[in-house]
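Enquirer: Pasting a structure below so you can have a look.
The values are calculated or read from the model by the stated rules, or taken from the named source; none is laboratory data. No experiment lies behind these values; they were computed from the predicted model shown. Virtual Cβ from ideal backbone geometry, glycine too; neighbours counted across all protein chains shown. We work out accessible area using only protein heavy atoms, side chains counted, and drop any ligands, DNA or RNA first. Shrake-Rupley method; radii C 1.70, N 1.55, O 1.52, S 1.80 Å.
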Amino acid sequence: MKICIYGAGAIGGHLAARLCRAGAEVSVIARGAHLAAIQANGLTVRAIDGEHRAAVAASADPAELGNQDAVFVTVKAPALPAVAASIRPLLGPDTSVAFVMNGIPWWYFDHLPGPHQGRSLPRIDPDDALRRALGPGRALGGVVYSASAVTAPGVIEVEQPNSRVILGEPDGTVSDRVLALSGLITKGGISGEATPAIRTEIWNKLISNLAGGALAVLTGSAPKGVYVEPAAEQAALRMMQEATSIAQALGADPTTDHQRRIGGQRAMDHKPSILQDLELGRPMEIDGLFDAPLALAHMAGVAVPTLELLVALCKLRARSAGLYK
């Protein structure tokens, strides 16, 4: 299978190495020093199961790579307009495009029964650029658990002991293409999972990211440094409860054991990616991770006072750093 990873940073590079190990013909879209290192020496991924080296085709220009059987988009949300503008050369008649990203996806209301079915999310996909570039039927949803970082050009360190990638169709079916792609990921040495409830899985991760990410941005600390304060833990619990209410109002069914969520983060030294972006002066995923859940709350008529306050403070923090408009 011919697969392109659009965005070969920490998550995309790790996924590329796993798919290469599974026998796929893998290419990546990257840029800068990272691209140059991949072109010269391939990708090096250091994980709990050892060091993996992958020789992959790499380019900054999708037109150099041509049509693919599948594309994994692993960029952060601020880069989606650039993806929409350049992805077409990768798309053959039957190319699937899996968006393995944090936050609410641009396709969230596609095939979702109810009053909002088919609704666009312009803060995530301005002018429906992605929808128009892809056409109907290509998009797959994805959720990834793989705490990792690019530690040098072409080198990725994976801290997660049990990395997982969950894939699903927006219409809730478990399709052959989802099974094939998740099977390749598993063959590459991490857990590839197919789900009929991708929106529930999106919320399961987003609930933790909303609370942990917002508090990280406001404190400059990883979860281990945040949850030593009981009041911070209580704020996180309120945010998680409010986010769960949004998900449930829209038909998703995430777990409600929020103490367990916090327990899983309490010893975590790894800084959330949105805090890493703030510290490195990179565009922050405010819209998909923080703002879109608020928009969905307003659509669903769900009161979210804690989310509104802490997201507003995060926006102010990001604006003061020149990283959000």
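Enquirer: State all residues of the stretch 193-212 that are open to solvent by less than 20 Å² (accessible area, probe 1.4 Å) and at pLDDT 95 or above; if no residue qualifies, say none.
Expert: Thr195, Ile198, Ile202, Trp203, Leu206, Ile207
Enquirer: Same structure, new question: Does Asp69 satisfy the condition of being surrounded by fewer than 17 Cβ atoms within 10 Å (Cβ to Cβ), more than 22 Å from Leu250 (Cα to Cα) and over 19 Å from the mean Cα position of the chain (by Cα)?
Expert: Numbers: surrounded by fewer than 17 Cβ atoms within 10 Å (Cβ to Cβ): no; more than 22 Å from Leu250 (Cα to Cα): yes; over 19 Å from the mean Cα position of the chain (by Cα): yes.
In short, no.
Enquirer: Run Met1 past the list (1) open to solvent by less than 60 Å² (accessible area, probe 1.4 Å); (2) among the hydrophobic types (A, V, I, L, M, F, W, C); (3) more than 21 Å from the chain's Cα centre (by Cα) and report the number of the one that doesn't hold.
Expert: (1)
Enquirer: Go through Ala60, Ala10, Ala82 for me and flag whichever is in contact (Cβ under 8 Å) with a residue 40 or more places away in the chain and surrounded by fewer than 24 Cβ atoms within 10 Å (Cβ to Cβ). Give the derivation first.
Expert: Values: Ala60 fails: in contact (Cβ under 8 Å) with a residue 40 or more places away in the chain; Ala82 fails: in contact (Cβ under 8 Å) with a residue 40 or more places away in the chain.
None of the others qualify; the one that does is Ala10.
Enquirer: Considering Ala54, Ala36, Ala40, which residue is at pLDDT 95 or above and crowded, with 18+ Cβ neighbours inside 10 Å? Working first, answer last.
Expert: Details: Ala36 fails: crowded, with 18+ Cβ neighbours inside 10 Å; Ala40 fails: crowded, with 18+ Cβ neighbours inside 10 Å.
Every option except Ala54 fails the conditions.
Enquirer: If you don't mind, there's one more thing I want to ask. Pick out the one residue from Gln265, Gln259 that is more than 15 Å from Glu242 (Cα to Cα) and over 15 Å from the mean Cα position of the chain (by Cα). Full working, then the answer.
Expert: Numbers: Gln259 fails: more than 15 Å from Glu242 (Cα to Cα).
Among Gln265, Gln259, only Gln265 is more than 15 Å from Glu242 (Cα to Cα) and over 15 Å from the mean Cα position of the chain (by Cα).
Enquirer: I'm checking my understanding of the structure. Among residues of the stretch 10-42 that are of a type in the set (Val, Ile, Thr) and more than 18 Å from the chain's Cα centre (by Cα), which one is nearest to Glu157 (Cα to Cα)? Spell out how you get there, then give the answer.
Expert: Initially, the stretch 10-42 is screened for residues of a type in the set (Val, Ile, Thr), giving 11, 26, 28-29, 38.
Filter again for more than 18 Å from the chain's Cα centre (by Cα), leaving 26, 38.
On the way: Val26: 20, Ile38: 15 Å.
Within the stretch 10-42, the match that is nearest to Glu157 (Cα to Cα) is Ile38.
Enquirer: Looking at the structure I just gave you, is Ala292 in contact (Cβ under 8 Å) with a residue 60 or more places away in the chain, part of a helix (DSSP H, G or I) and surrounded by fewer than 21 Cβ atoms within 10 Å (Cβ to Cβ)? I'd like the intermediate steps shown before the answer.
Expert: Values: in contact (Cβ under 8 Å) with a residue 60 or more places away in the chain: yes; part of a helix (DSSP H, G or I): yes; surrounded by fewer than 21 Cβ atoms within 10 Å (Cβ to Cβ): no.
Considered against the rule, which asks whether it is in contact (Cβ under 8 Å) with a residue 60 or more places away in the chain, part of a helix (DSSP H, G or I) and surrounded by fewer than 21 Cβ atoms within 10 Å (Cβ to Cβ), Ala292 comes out as no.
Enquirer: Could you please give the count of residues in the stretch 109-133 that are in contact with a Pro (Cβ under 8 Å, 6 or more places away or on another chain), surrounded by fewer than 20 Cβ atoms within 10 Å (Cβ to Cβ) and closer than 17 Å to Arg199 by Cβ?
Expert: Number satisfying all stated conditions: 3.
Enquirer: Where residues in the stretch 213-250 are more than 24 Å from Ala77 (Cα to Cα) and part of a loop (DSSP other than H, G, I, E, B), which of them is least open to solvent (accessible area, probe 1.4 Å)?
Expert: The selected residue is Tyr227.
Enquirer: Something else now. Kindly list the number of the only condition in (1) in a helix (DSSP H, G or I); (2) in contact (Cβ under 8 Å) with a residue 12 or more places away in the chain; (3) open to solvent by 30 Å² or more (accessible area, probe 1.4 Å) that fails for Asn162.
Expert: Only one criterion is unmet by Asn162, namely (1).
Enquirer: From the list Leu184, Leu179, pick out the single residue that is more than 24 Å from Pro272 (Cβ to Cβ), open to solvent by 40 Å² or more (accessible area, probe 1.4 Å) and touching a residue at least 12 places away in the same chain (Cβ under 8 Å).
Expert: Details: Leu184 fails: open to solvent by 40 Å² or more (accessible area, probe 1.4 Å).
So the residue among Leu184, Leu179 that is more than 24 Å from Pro272 (Cβ to Cβ), open to solvent by 40 Å² or more (accessible area, probe 1.4 Å) and touching a residue at least 12 places away in the same chain (Cβ under 8 Å) is Leu179.
Enquirer: Tell me which residues, restricted to the stretch 271-292, are in contact with a Phe, Trp or Tyr (Cβ under 9 Å, 6 or more places away or on another chain) and under 13 Å from Asn209 (Cβ atoms).
Expert: Taking the stretch 271-292 first, the residues in contact with a Phe, Trp or Tyr (Cβ under 9 Å, 6 or more places away or on another chain) are 274, 283-284, 286-288, 292.
Scanning the stretch 271-292 gives Ile274, Met284, Ile286, Gly288, Ala292.
Enquirer: Condition first: aliphatic (A, V, I, L, M), assigned to a loop (DSSP other than H, G, I, E, B) and either touching a Phe, Trp or Tyr at 6+ places or on another chain (Cβ under 9 Å) or surrounded by 16 or more Cβ atoms within 10 Å (Cβ to Cβ) (or both). Can you find one or more residues in the stretch 134-157 that meet it?
Expert: Initial filter on the stretch 134-157 (aliphatic (A, V, I, L, M)): 134, 139-140, 143-144, 147, 149-150, 152, 155-156.
Of the ones still in play, those that are also assigned to a loop (DSSP other than H, G, I, E, B) are 147.
Keeping just the survivors that are either touching a Phe, Trp or Tyr at 6+ places or on another chain (Cβ under 9 Å) or surrounded by 16 or more Cβ atoms within 10 Å (Cβ to Cβ) (or both) gives 147.
Yes, because at least one residue in the stretch 134-157 is aliphatic (A, V, I, L, M), assigned to a loop (DSSP other than H, G, I, E, B) and either touching a Phe, Trp or Tyr at 6+ places or on another chain (Cβ under 9 Å) or surrounded by 16 or more Cβ atoms within 10 Å (Cβ to Cβ) (or both).
Enquirer: Oh, and also: Do you know which residues across the stretch 278-289 are surrounded by 20 or more Cβ atoms within 10 Å (Cβ to Cβ) and more than 14 Å from the chain's Cα centre (by Cα)?
Expert: The first filter runs over the stretch 278-289 and keeps only residues surrounded by 20 or more Cβ atoms within 10 Å (Cβ to Cβ), leaving 278, 284-289.
Residue satisfying the conditions is Leu278 alone.
Enquirer: Could you give me the residue pairs with C-beta distances under 6 Å whose first residue belongs to the stretch 204-230 and is within 22 Å of Val144 (Cβ to Cβ), whose second residue is acidic (Asp, Glu) wherever it lies, and which are 6+ apart or on separate chains?
Expert: That search, which allows pairs on different chains as well, returns Ala222/Asp269; Lys224/Asp269.
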